[in-house]
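Coordinate-derived values only; no laboratory data. No experiment lies behind these values; they were computed from the predicted model shown.
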Amino acid sequence: MRQSHQLPLVGLLLFSLIPSQLCEICEVSEENYIRLKPLLNTMNQSEYTRGTSSSVNVLLSLQLVGIQNQNLKHKLIQQIKYTVKRRLSQVSSGELALIILALGACRNPDEKLIYNYHLIDKLENKFEAEIENMEAHNGNPLTNYYQLSLDVLALCLFNGTYSTTKVVNYFTPENKNYYFGSQFSVDTGAMAVLALTCVKRSLINGQVETDESNLKNISIYIKSLVEKILSEKKENGLIGNTFSTGEAMQALFVSSDYYHENDWNCQQTLNTVLTEISQGAFSTPTAAAQVLPALMGKTFLDVNKNSSCVSAAGNFSNSTHEPVTVTTPGSQSSISVNYSVTINETYSANVTVPNGSVFLDVMEKAQKMNDTIFGFTMEESSWGPYITSVQGLWASNNDRTYWELLSGGIPLSQGVGSYVVHDGENLEVRWSKY
Ligand code: CBY
């Protein structure tokens, strides 16, 4: 090849290398989109009749990655509209923040709903109520720091009013709300990094007035939280657990100034998540929705970019539906497990349930056997049923108490509606503090 031909070629090569060096995002390549199909199937096939938390998560995810599934989006928006019109007072601060993010994502026509229903003002009030609760109850918010981070993120992205000084006061990395017991919550830390990065960017762009010390502190917080997130990285590349990894990836995408290239092998994390997808790990709509954006290189900070989030993924969910493989249990065999409720004492029973049952089936069976000892209540959350009381003893955010789920003494990483139980297992619900 002659020199004159080589030069432009070298130039092109260099040019194509530059973006990958500047931008620390690793994402699934187009030829691998097929591996994301199970996530889309989960989101498509869900009913979304159980309240809106999971609809909001799914809508936000679809908007961000630019999937044009108009039927599904229409259904989800109808549900969200219903919530906004009829039951906004019952919605928690973080849920409202998610509604704003989902409706406002990527310059779409539903954005006007945010302003017609004054959702930003209402979020400001709900955020204020969280802070007031912290002042009255020993630093404990009405909900949790995952939701407070969502609040700050939505207020920051949609030009709401919030006090930077309060953010600096409440989001110090040492705050107990980043922890459950002694365990750092990667989900919470990741959401806080996204929120703080948004606040930092608006301070730098001069959208919000502040003094230099706030900006400096926010940078210090981001650095410290990123370190904590990275220290939860497992050998296989997951960060925290399967369900926190997508959000941790988003946090690491936007904070690459704060860690060294060698501190995180993004490709390894991505590959492990893809393997987990193929093993059916993300089988609830919220799990699928929360992991998808990161896999396509998107973060919640892309929500109010001035362009629509159209991507190469475009119509790939509209392609013909593959038949769903439903795993029918081979036979209606039964299994038996040991189930206990622990307060100070332990109350146990042997419970027989059909093979393939989930934790909740065991609890229901035990309740039928003895309502006084095993009676319980639950409420729907975006992740499925959440146990609120057992034996009439109620979990409380003000006291940081909850009903912890364990198997063989080890805390579960799934809720009662999704954890499939095994023969001979020792299941426990334990009155705990976080
Ligand atoms: N979302 C929220 O407000 C929840 C925030 C979150 C950090 C969340 C995890 C992360 C996420 N992406 O949504 C969270 N869990 C919190 C804050 C909490 C506490 C809830 C009380 C409060 N202050 O708001 C608390 C009590 C510490 C908690 N989670 C308990 C539990 C257990 C529930 C048991 C029950 N009583 O039903 C359980 C099952 C852990 C256990 N072994 O007892 C649990 N959480 C799990 C497993 C999870 C993961 C769910 C994964 C799955 N596939 O089902 C989780 C994603 C999540 C939901 N919790 Co909490 C964390 C993880 O494993 N990565 C915002 C809102 C708008 O939707």
> Hey, in the GNM for the chain with a 10 angstrom Cα cutoff, which one of Pro354, Pro38, Pro173 fluctuates hardest?
Replying inline: Pro354
>> Mean-square fluctuation check for the chain, GNM, Cα pairs under 10 Å: which of Phe253, Phe359, Phe180 is largest?
In response: Phe180
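I'd like to know how region 334-433 sits against the 2.2 N^0.38 Å rule of thumb: what's its Cα Rg over that expected value? Let's see the in-between values first.
Working: Rg = 12.5 Å, N = 100, 2.2 N^0.38 = 12.7 Å.
For region 334-433, the normalised Cα radius of gyration comes out at 0.99.
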> Pairing the Cα long axis of helix 266-278 with the longest principal axis of the chain, what angle in degrees results, from 0 to 90 and rounded to the nearest 10?
Replying inline: 40 degrees
>> On a full-extension model of 0.36 nm per residue, what is the gain between Asp399 and Ser182, subtracting their alpha-carbon distance, rounded to one decimal in nm?
In response: 76.5 nm
> Which percent of Cα pairs goes in each bin when the distances of region 79-164 are cut into 10 angstrom slices starting at zero?
Replying inline: 18, 53, 25, 5, 0
> Stretched out fully, how many nm does the piece from Gln268 to Ser163 gain, at 0.36 nm a residue minus the Cα gap?
Replying inline: 33.9 nm
> Taking the Cα atoms only, what angle lies between the long axis of helix 186-204 and the longest principal axis of the chain, rounded to 10 degrees?
Replying inline: 30 degrees
>> Rounding to the nearest 10 and keeping the result within 0 to 90°, find how far the Cα-based axis of helix 212-230 lies from the longest principal axis of the chain.
In response: 60 degrees
> Can you tell me the Rg and the Dmax, both Å, for the Cα atoms in region 72-119?
Replying inline: 10.0, 27
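Taking N as the number of residues in region 67-219, what is its alpha-carbon radius of gyration divided by 2.2 N^0.38 Å?
Values: Rg = 16.1 Å, N = 153, 2.2 N^0.38 = 14.9 Å.
My calculation over the Cα atoms of region 67-219 gives 1.08.
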> Tell me, in nm to one decimal, what length is gained between Gln279 and Trp431 on full extension, where the rule is 0.36 nm per residue of separation less the Cα-Cα distance?
Replying inline: 51.5 nm
> Taking amide H positions as placed 1.01 Å from N in the peptide plane, with prolines and chain starts having none, which residues 5 or more places from Ile335, or on another chain, fall under 5 Å of its amide H?
Replying inline: Val353, Asn355
> Can you run phi through the Karplus equation (6.51, -1.76, 1.60; θ = phi - 60°) for region 98-109 and list ³J(HN,Hα) in whole Hz, with x for Gly and Pro?
Replying inline: 5, 4, 5, 4, 5, 6, x, 5, 6, 6, 10, x
> Which pairs in the list Lys200/Lys433; Lys81/Lys122; Lys200/Lys223; Lys233/Lys298; Lys73/Lys305; Lys85/Lys298 are over 24 Å apart, alpha-carbon to alpha-carbon?
Replying inline: Lys200/Lys433; Lys85/Lys298
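For the chain, divide the Cα radius of gyration by the Kirkwood radius and give the resulting Rg/Rh value with two decimals.
Details: Rg = 23.0 Å, Rh = 23.3 Å.
That ratio is 0.99, to two decimals.
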> Which value in deg cm²/dmol, rounded to the nearest 500, describes the helix-derived mean residue ellipticity at 222 nm for the chain, given -39,500 (n - 2.57) per DSSP H run of n ≥ 4 and division by the residue count?
Replying inline: -14500 deg cm²/dmol
